[in-house]
Amino acid sequence: MRRHDVWISKWNPEDEKFWEAKGKSIARRNLIWSIFAEHLGFSIWLVWSIVATKLPQAGFHYTTDQLFQLVAVPGLIGSLMRFPYTFAVTTFGGRNWTIFSAAVLFIPTTALAYFVSQPDTPFWLMLLVAATAGLGGGNFASSMANISFFYPDRMKGWALGLNAAGGNIGVSGIQLLTPMLMGFGFVSLYLADPGPGGLYLQNAGLMWLLPLTIAVIGAYFFMNNLTEARSTFKHQIIIVKRNDTEVMSYVYI
């Protein structure tokens with residue numbers, strides 16, 4: 001097993017000798033890049049909670065209800081995406097899906113950057129653009145599913161806790177950084193002058209292009225797929241029949 005094998009065929013983290021010799025470093029490397037990609041997914045998922053509040057100032061004539069819809073729809077799409085994203089890891093591989101799930105986020109970021117500088121954009125089109133941000137919400141499910149395979153049972157809680165925390169920090173990160181960057185033009189890649197209202201709303205999308213590029217490249221070179229983390233949808237869906245699943249789902253809701 002080489003350090004950067006795309007697919008690792010023999011993975012037994014419960015074997016302490018294997019874990020100390022090879023497993024621990026590989027698992028840690030995958031965890032780091034998983035956290036980074038998931039953090040970006042969370043941030044992009046929630047970016048419209050900031051952008052929507054600035055649209056009236058930028059010349060968009062949307063009603064209050066429509067602005068709320070721009071915030072709510074990404075949340076709805078993101079929650080729905082978590083179901084297929086959970087099963088994607090065992091179908092395509094954790095590394096492969098991390099690359100894809102990070103790369104697909106170029107769609108909501110570039111679309112946002114363009115359309116928020118067009119005050120005549122019809123609401124239905126802006127709603128569609130906002131909906132694509134929901135793709136970031138699915139990253140949490142696939143990231144957690146992937147990392148759970150890398151760690152022994154005694155360390156799963158620690159690893160998954162770090163992974164979840166790294167993603168959720170994106171909530172506060174987006175709320176802190178985005179308003180500041182929308183007020184400065186030095187990070188603007190294609191629009192030198194501020195948009196209507198003196199805001200650089202496009203920066204709310206452009207600010208993620210470099211981090212996303214790093215995430216895709218990092219996942220490509222430093223993450224792995226585990227052949228043992230393969231199972232059919234039929235095998236995984238069994239979990240819905242367990243009482244613990246129902247109880248925890250209710251508590252989570």
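Please indicate, with yes or no, whether at least one residue in segment 103-119 is over 14 Å from Ala131 (Cα atoms), outside any loop (DSSP other than H, G, I, E, B) and of a type in the set (A, V, I, L, M).
Yes - at least one qualifying residue is present in segment 103-119.
Could you list all residues from segment 219-253 that are touching a residue at least 40 places away in the same chain (Cβ under 8 Å) and farther than 19 Å from Ala145 by Cα?
Across segment 219-253, the qualifying residue is only Phe221.
Condition first: open to solvent by 40 Å² or more (accessible area, probe 1.4 Å) and either small (Gly, Ala, Ser) or touching a strand residue (DSSP E or B) at 6+ places or on another chain (Cβ under 8 Å) (or both). Now tell me which residues in segment 162-185 satisfy that.
Ala165, Ser172, Gly183
Restricting to segment 1-23, count the residues that are aliphatic (A, V, I, L, M) and assigned to a helix (DSSP H, G or I).
Counting residues in segment 1-23 that are aliphatic (A, V, I, L, M) and assigned to a helix (DSSP H, G or I) gives 1.
Just give me the residues in segment 54-111 being of a type in the set (Val, Ile, Thr) and farther than 17 Å from Gly41 by Cα, in sequence order.
Those that are of a type in the set (Val, Ile, Thr) and farther than 17 Å from Gly41 by Cα: Thr63, Thr64, Thr90, Thr91.
Please report, ordered by residue number, the helices (runs of 4 or more DSSP H) entirely within segment 24-96 with at least 2 residues that are within 14 Å of the chain's Cα centre (by Cα).
The helices (runs of 4 or more DSSP H) meeting that bar are 24-45, 64-92.
Cβ-Cβ below 7 Å, separation at least six or inter-chain, first residue in segment 114-133 and free of Cβ contacts under 8 Å to residues at least 40 places away in the same chain, second of a type outside the set (D, E, K, R) and not in a helix (DSSP H, G or I): which pairs?
What qualifies is Phe115/Thr121.
Take Val116 and decide whether it is open to solvent by less than 10 Å² (accessible area, probe 1.4 Å), in contact with a helix residue (DSSP H, G or I) (Cβ under 7 Å, 6 or more places away or on another chain), among the aliphatic types (A, V, I, L, M) and closer than 29 Å to Phe18 by Cβ.
Here the answer is no, as Val116 does not meet what is asked.
Name the pairs: first residue in segment 65-78 and farther than 18 Å from Ile107 by Cα, second residue among the small types (Gly, Ala, Ser), Cβ to Cβ under 6 Å, at least 6 apart or on different chains?
Leu67/Ala52
Identify all residues within segment 67-109 that are over 18 Å from Gly167 (Cα atoms), crowded, with 16+ Cβ neighbours inside 10 Å and polar (S, T, N, Q); write none if there are none.
The answer is Gln69, Thr90, Asn96.
For segment 197-235, give me each residue that is open to solvent by 40 Å² or more (accessible area, probe 1.4 Å) and either of a type in the set (Phe, Trp, Tyr) or not in a loop (DSSP other than H, G, I, E, B) (or both).
Residues satisfying the conditions are Gly197, Gly198, Leu210, Thr213, Ile214, Ile217, Tyr220, Phe221, Phe222, Phe233, Lys234, His235.
Looking at segment 12-57 only, could you name the residues that are under 18 Å from Pro179 (Cα atoms), open to solvent by 40 Å² or more (accessible area, probe 1.4 Å) and of a type in the set (A, V, I, L, M, F, W, C)?
Result: Leu46, single match.
Any residue at all in segment 148-157 that's among the aliphatic types (A, V, I, L, M) and touching a helix residue (DSSP H, G or I) at 6+ places or on another chain (Cβ under 7 Å)?
Within segment 148-157, none of the residues are among the aliphatic types (A, V, I, L, M) and touching a helix residue (DSSP H, G or I) at 6+ places or on another chain (Cβ under 7 Å).
Based on this model, can you work out whether Gly166 counts as under 13 Å from the mean Cα position of the chain (by Cα), within 18 Å of Ile50 (Cα to Cα) and in a helix (DSSP H, G or I)?
no
The values are calculated or read from the model by the stated rules, or taken from the named source; none is laboratory data. Bear in mind that the values here come from a model prediction, so they are computed numbers and not experimental data. Heads up, the Cβs are rebuilt from the backbone with ideal geometry, glycines too, and the neighbour counts pull from every protein chain shown. With ligands, DNA and RNA removed, areas are computed over all heavy atoms of the protein, side chains included. Shrake-Rupley method; radii C 1.70, N 1.55, O 1.52, S 1.80 Å.
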